[in-house]
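To keep things clear, I will list the structure first and then write my remarks on it.
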Amino acid sequence: MRHKWLEIASTPSVKAARERYGSAAQYARLDGTLGGTGPVRNDRLGQAESDFISGRDGFYLASVSEAGWPYVQYRGGPAGFLRVLDDRTLGFADFRGNRQYVTTGNVAANDQVSLFLMDYAHQRRLKIFGHLRMIDASADPELVATLAVPDYAARSERAALIRVEAFDWNCPQHITPRFTQEELEGALIPVRAEIESLRAENQRLRHRLGHDIRAARQDE
């Protein structure tokens, strides 16, 4: 079964590198080397991908300039600000930032982008190839309003729509676990409960010890 993400990523120079370093056979059945026929997978987002995307509070977005320079930026917001609109479409509100407009300018000339979505706590990573289109708020205010995040203090200048071409779940090896404040708060709930229980037990023991000491003195 052909792997859409690997087909896109496996350019002639990439395949040549695999040949040189001995991994060509490992990918030959997936990257189109053995022909372009057969069923395709990893071209439409499923439930696992949708759930993962909806839980992210940020992602890395790569584009390429007209001069051929790659550019990567981090897009952040409340968890779920990157929306799965259907199995081939993602959308998010383009919040106002430092107004350099590097990504916005890049995709006006070349709409091909790559997304990296990270779950550091569970060492998971999702890669996506797609085509990004920026839509000014004045051109489609209804769409921008639909993608806006309620109660989030940020101005939405544009709507960003990504037509998904392919995705790939990456190997968790070498992903260093990191935790957000929210994730830490959740993990610390049982620890704090245990600490409170130990404090209460310590208080009971202190009280009992004090009572026993007073009783012993009275018996002297």
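Table for the structure above
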| quantity | calculated |
| --- | --- |
| Rounded if a/c under 1.5, otherwise prolate or oblate - the stretch 117-193, Cα gyration tensor axes | oblate |
| Over the stretch 19-92: Rg over Rh, Cα atoms, Kirkwood Rh | 1.09 |
| Mean shadow area of the stretch 55-178, taken as a quarter of the surface of its Cα convex hull (nm²) | 8.3 nm² |
| Accessible-area composition of the chain, carbon plus sulfur, in percent [1.4 Å probe] | 52 percent |
| In degrees, nearest ten, helix 12-21 long axis to first principal axis of the chain (Cα) | 60 degrees |
| Computed lengthening from F179 to S23, 0.36 nm per intervening residue step minus Cα-Cα distance | 52.8 nm |
| Potential lengthening between R41 and A9 on full extension [0.36 nm per residue; Cα-Cα distance subtracted] | 10.1 nm |
| Where the stretch 80-220 is the region considered: accessible area per residue in Å², 1.4 Å probe | 65 Å² |
| Stretch gain in nm, segment S50-A62, where the contour uses 0.36 nm per residue and the Cα spacing is subtracted | 2.3 nm |
| For L6, solvent-accessible area (1.4 Å; no DNA, RNA or ligand), Å² | 20 Å² |
| Dipole magnitude (debye, nearest 20) for the chain, charges at Cβ of Lys, Arg, Asp, Glu | 500 debye |
| Area accessible to solvent at T11, 1.4 Å probe radius, in Å² | 60 Å² |
| Rel. contact order, % - alpha carbon contacts under 8 angstrom, at least six apart, the stretch 56-212 | 23 percent |
| Convex hull of Cα atoms in the chain, direction-averaged projection (nm²) | 20.9 nm² |
| Projected label distance in nm at L188 and H131, using a 7 Å step from Cα toward the beta-carbon | 4.7 nm |
| Mean residue ellipticity (222 nm) of the chain, computed from DSSP H runs ≥ 4 via -39,500 (n - 2.57), nearest 500 | -11500 deg cm²/dmol |
| Listed peptides 14-25, 57-68 by packing density, highest first (mean Cβ within 10 Å) | 57-68, 14-25 |
| Centroid-to-centroid separation of the stretch 147-166 and the stretch 8-72 [C-alpha atoms, Å] | 24 Å |
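The values are calculated or read from the model by the stated rules, or taken from the named source; none is laboratory data. Predicted model only: the values in this text are computed from it and were never measured. Every residue, glycine among them, receives a Cβ derived from its backbone with ideal geometry; neighbour counts consider all protein chains shown. Ligands, DNA and RNA are excluded from the accessible area calculation, which covers all protein heavy atoms including side chains. Shrake-Rupley method; radii C 1.70, N 1.55, O 1.52, S 1.80 Å.
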